[in-house]
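One structure is given here, and the rest of the page talks about it.
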Amino acid sequence: MLPAGPMPILYEIDQARGLIRTRCVGAVSLDEVLADFKELRTEPGLPERVSVLLDLSALASAPERDQLRAVVAEMKDLGSELRWGVLAIVAKTDLLFGMSRILGVFVEDSFSNTGVF
């Protein structure tokens, strides 16, 4: 059963383009992010190589340093099961832009290219 109200993390997989579009809305917790990764692992037919468009423009919270490390660990772990392509992150605030740049640096060895916009 889906919870009432907007979902904090929404994603869609475009298999033809090898792309995962993820949008974070409102205040997103680390538990919700980790649950999203867990759900992604069970997706049937994930492309062998996949790029990610991470839209944080509606995000109302920013991760703490330890939370960012946990997200990086999940991305790297999932990257051992599939090949990451490009990571593009859309950030609206200066804080999220800076945190996204840090995330991009931490995972740049897993992706063919990273960028924050």
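The values are calculated or read from the model by the stated rules, or taken from the named source; none is laboratory data. This is a predicted model, so every value here is computed, not measured. Ideal geometry is used to build each Cβ from the backbone, glycine not excepted, and the neighbour counts take in all protein chains shown. Ligands, DNA and RNA are stripped out before the accessible areas are found, and what is left, the full protein with its side chains, is counted by its heavy atoms. Shrake-Rupley method; radii C 1.70, N 1.55, O 1.52, S 1.80 Å.
Which value in deg cm²/dmol, rounded to the nearest 500, describes the helix-derived mean residue ellipticity at 222 nm for the chain, given -39,500 (n - 2.57) per DSSP H run of n ≥ 4 and division by the residue count?
Values: 3 runs with 41 residues, N = 117.
Value at 222 nm, helices only: -11000 deg cm²/dmol.
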Write down the accessible area per residue of the chain in Å², having rolled a 1.4 Å probe over the full set of protein chains. 60
So if I place +1 on the C-beta of Lys and Arg and -1 on the C-beta of Asp and Glu, and nothing else carries charge, what would the dipole magnitude of the chain be about its Cα centre? I want it in debye, nearest 20. 240
Ordering 10-16, 20-26, 47-53 by per-residue average of other C-beta atoms within 10 angstrom, highest first, gives 20-26, 47-53, 10-16
Pick out, from LEU56, GLY45, LEU30, the residue whose Cα sits farthest towards the positive end of the charge dipole of the chain, with +1 on the Cβ of Lys and Arg and -1 on the Cβ of Asp and Glu. LEU56
